[in-house]
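In what follows, a single structure is set out as structure tokens and then discussed.
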Amino acid sequence: MTFSKATLAVVSLGAVVFCFLTHEFAHWIMGELIGYKMVMTLNTAYPKALRWNSTEDFMVVSVVGPAVTFLTSFSVYYIIRFKGNMLWFPFLFTCFYLEFLSGIMNYRNVNDLGWISRYLNVGLFTLPIIFVIIHFGLLYKTIVQEKYARAYVLQTLGWILLFSSVWILANQKFKIILIS
């Protein structure tokens, strides 16, 4: 399958938007389902009251974002495996990158899997490392099985880095509220 660099850029942008929004929407919807009035920005979801009624509520809301990203990753992996369409690859790569970046960010600001790891008393980085290894395994296996060229993988990485950086910076700078 051949396509232009512009097509890869557009699909990568779509992958970043889709993966970030589904991850945060999962947090938002779970919070709403268990009784909170939630707010969702480009890269966060939290109770409007800025507090949780219990640690368990916080853990339930925390786990669904990574769970949705995990399910997305597996779904896309199998779509690529059985359909062979290279344009799904940016979605798989974005899932990996999202978990990788959030795992690293636990050094600075504990987030989803870090909180859950602490709650389970298994150490801050245990679940993030496990999730990153699984996501990387799917990514690597896809690259090898599908024989993706190094240039394609690096171009995809470049677009994902660019678009996710802009997405995160826009969230930090402008605090764009998507659902309130």
Looking at this structure, is LEU113 in contact with a helix residue (DSSP H, G or I) (Cβ under 8 Å, 6 or more places away or on another chain) and part of a helix (DSSP H, G or I)?
yes
Going through GLY137, GLY123, GLY114, GLY158 one at a time, which residue ends up being among the small types (Gly, Ala, Ser) and surrounded by 14 or more Cβ atoms within 10 Å (Cβ to Cβ)?
GLY114
Looking at the structure I just gave you, is ILE129 under 21 Å from THR72 (Cα atoms), open to solvent by 40 Å² or more (accessible area, probe 1.4 Å) and in contact (Cβ under 8 Å) with a residue 24 or more places away in the chain?
yes
Single match in PRO47, PRO66 (criterion: within 13 Å of the chain's Cα centre (by Cα) and either surrounded by fewer than 18 Cβ atoms within 10 Å (Cβ to Cβ) or on the phi < 0 side of the Ramachandran plot (or both)):
PRO66
Do the conditions hold for VAL39, that is, is it in contact with a helix residue (DSSP H, G or I) (Cβ under 9 Å, 6 or more places away or on another chain), among the hydrophobic types (A, V, I, L, M, F, W, C) and either on the phi > 0 side of the Ramachandran plot or open to solvent by less than 40 Å² (accessible area, probe 1.4 Å) (or both)?
yes
When the stretch 8-29 is examined, which residues are found to be of a type outside the set (A, V, I, L, M) and either open to solvent by 50 Å² or more (accessible area, probe 1.4 Å) or closer than 22 Å to THR44 by Cβ (or both)?
GLY14, PHE18, CYS19, PHE20, THR22, HIS23, GLU24, PHE25, HIS27, TRP28
Being more than 19 Å from VAL132 (Cβ to Cβ), of a type in the set (Val, Ile, Thr) and outside any helix (DSSP H, G or I) narrows it down to one residue among VAL39, VAL60; which is it?
VAL39
Given the criteria at pLDDT 95 or above and open to solvent by less than 70 Å² (accessible area, probe 1.4 Å), does PHE3 qualify?
no
Tally, over the stretch 99-110, of residues that are open to solvent by 70 Å² or more (accessible area, probe 1.4 Å) and not in a helix (DSSP H, G or I)
3
Residues located in the stretch 141-150, provided they are surrounded by fewer than 14 Cβ atoms within 10 Å (Cβ to Cβ) and either touching a Ser or Thr at 6+ places or on another chain (Cβ under 7 Å) or under 23 Å from SER165 (Cβ atoms) (or both):
ARG150
The residue that is surrounded by the fewest Cβ atoms within 10 Å (Cβ to Cβ), considering only those in the stretch 161-171 that are over 17 Å from LEU8 (Cα atoms) and in contact (Cβ under 8 Å) with a residue 24 or more places away in the chain, is ALA170
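The values are calculated or read from the model by the stated rules, or taken from the named source; none is laboratory data. Keep in mind the model is a prediction, meaning the values are calculated, not measured. Glycine gets a Cβ as well: all are built from the backbone with ideal geometry, and neighbour counts include every protein chain shown. Surface accessibility is based on the protein's heavy atoms, side chains included, excluding ligands, DNA and RNA. Shrake-Rupley method; radii C 1.70, N 1.55, O 1.52, S 1.80 Å.
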